[in-house]
Amino acid sequence: MSAAQWRRAMNSAATAAAPTTARPAPSARPASPSAPGVDVIATPTWLSRLAARIRLRHLVVLAAVVLYPFVASPFFTYQIGAQSLALGLIALSLTFLGGYGGMVSLAQMTIAGLAGYLVAIFGTSSMVSISLGWPWWLAVPFALLGATVFAAAVGWLSVRTEGIYTIMITLAIGVAFFYLAQQNYTVFNGFQGLSKIAAPELAGIDFREPVGFYFVALGCALAGYFLVKHLVRAPFGVALQGIRDNPRRMESLGYHVTAHRVAAYAVAGLLAAVGGVLMVWYNGRISPGTVNLAQMISILVIAVLGGMKHPIGAFVGAVVYVLLQNFAIDLFVRERFNLVIGGVFLAIVLFSPDGLLGLWAKLRSSLGRPEISHQKRRPQ
C-alpha cells in the first residue's frame, strides 16, 4: 500500500469514528407584529434615547434661560446674560480639553481673539484699509475655519508634552500672539485694534439689540453644550478619556494618541472661535487687551470655578465671574477686582476641587438624600 493510499484510509477511518454533531436548529423568525399575543419591542431611536435622558430640572433650566430676557432688564440681558454665555462657550472649550482630555491650555482666549480679529479683517470695521468688506455670512465661516486650524496647530505643538510643560507652551503661544497683535499695524492695527464691528441683521432681527443678541448667544451656547455632551459619549470621546487616564495603554491597544489629542484641540478651538465671534460682536471692537495674560487666566478661572468635569460648569463659572466683575466694584474699588476673584477662586479650590457643581453635590449628599441603586442582583 502506498503512502497516499494509507493517508486516505486513515482519514476516512477518523471521519467514520468521529461522532456526528447535530445540526443547529434554524433560528425561529420573529413573529409578525400582527400576530395576536405577541409583544413587539421597538428599537429605540435617537429621539427616544434623548427623551429618556431629559429630566424635570433640564426643562426648568431651559425654560428659565428662554424666558430670562423677557423678565430681565436690558442691562441684565446684555451685560450679564449674553456676556456669560459668550465667555462660558470659551471656557467650555477649556473644560472639554482639561476635563475629558487631561490637557490644560491657556491659549483658548488667544484662539477666540484670533477669530475676532479675522471677523474684523474679513468683514467690516473702522479701518477700511485693513478690512476686506466681506458680508458677515462669508467672513464668519472663514474666521471660524482659520481659528480652528490655528487651534489644531497649537495642539500639534503641545500634545507631545504633559502637565506643566503643556501649560507653558500654550502660555508662550498666547503671549507671543498678544505682542504680535500689539506691535503689528499692517494687519492688527497695533494697540488700538479694530473697532465698529457690528453684529449683523437677519430676517429683520437686529442682533445688536439685547434680546436678539442674547438669543444668538444662547443658541450657540446650547449647540456647543450638546456637542460636548454627545462627543464625550461617542467612541471618540471615550477614547479621549482613556488617553487622559493611561495614554500608553491606549496606544498599545492601537489608538493614535497624538491624532486624538490634536482632534480634541481642533474641536475645542471651534468652540472657542464661536465664543470669540460672539465677544467681538458684544464689544463692537477687538484689541490686544482682549487677548492679554489677564484674559487668558480669566478663562481658566471660569472653568475651574464651575467645575472642569461638568460641561454646564463652564457657564455656571461664567455667570459668577460676570456678576463679580459688574458688582464687586460696589463693595471694593475697581483695582481690587482681581483680589476678589482670587479670593473666591482660592475658596472654591480649597473647599471643592470640583468647582461649584462639586460643592453643590456635597451639599446634597450632606442633606441625607439616599442613593438609590438601580442594579439588580443576578439569580443564584
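Structure values in brief
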{"item": "Search result, residues across the range 144-185 that are free of Cβ contacts under 8 Å to residues at least 40 places away in the same chain and among the polar types (S, T, N, Q)", "result": "THR161, GLN183, ASN184"}
{"item": "Subset of the range 125-143 that is touching a residue at least 40 places away in the same chain (Cβ under 8 Å) and part of a loop (DSSP other than H, G, I, E, B) - its residue that is surrounded by the most Cβ atoms within 10 Å (Cβ to Cβ)", "result": "SER125"}
{"item": "Residue within the range 303-314 that is out of contact with any helix residue (DSSP H, G or I) (no Cβ under 6 Å at 6 or more places or on another chain) and among the charged types (D, E, K, R) present", "result": "no"}
{"item": "Single residue of ILE299, ILE286 found to be in contact with a Phe, Trp or Tyr (Cβ under 7 Å, 6 or more places away or on another chain) and in contact (Cβ under 8 Å) with a residue 40 or more places away in the chain", "result": "ILE286"}
{"item": "1 or more residues of a type in the set (A, V, I, L, M, F, W, C) and within 20 Å of LEU87 (Cβ to Cβ): qualifying helices (runs of 4 or more DSSP H) within the range 170-283", "result": "210-231, 257-283"}
{"item": "Any hit, the range 102-124, residues being farther than 18 Å from MET308 by Cβ and assigned to a loop (DSSP other than H, G, I, E, B)", "result": "yes"}
{"item": "Condition met for PHE215 (closer than 27 Å to VAL319 by Cβ, surrounded by fewer than 14 Cβ atoms within 10 Å (Cβ to Cβ), within 20 Å of the chain's Cα centre (by Cα) and among the aromatic types (Phe, Trp, Tyr))", "result": "no"}
{"item": "Residue, farthest from the chain's Cα centre (by Cα), within the range 159-193, restricted to residues that are crowded, with 20+ Cβ neighbours inside 10 Å and of a type in the set (S, T, N, Q)", "result": "ASN189"}
{"item": "Residue under evaluation GLU162, criteria (1) modelled with pLDDT under 95; (2) closer than 18 Å to ALA263 by Cβ; (3) assigned to a helix (DSSP H, G or I); (4) of a type outside the set (Ser, Thr, Tyr), criterion not met", "result": "(3)"}
{"item": "Single match in PHE122, PHE76 (criterion: in contact with a helix residue (DSSP H, G or I) (Cβ under 9 Å, 6 or more places away or on another chain), surrounded by fewer than 18 Cβ atoms within 10 Å (Cβ to Cβ) and within 24 Å of ARG285 (Cβ to Cβ))", "result": "PHE76"}
{"item": "When residues of the range 225-262 are limited to those that are surrounded by 12 or more Cβ atoms within 10 Å (Cβ to Cβ) and more than 16 Å from GLY101 (Cβ to Cβ), the one farthest from the chain's Cα centre (by Cα)", "result": "PHE226"}
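The values are calculated or read from the model by the stated rules, or taken from the named source; none is laboratory data. Note that the coordinates shown come from a computational prediction; the quantities given were computed from them, not determined experimentally. Heads up, the Cβs are rebuilt from the backbone with ideal geometry, glycines too, and the neighbour counts pull from every protein chain shown.
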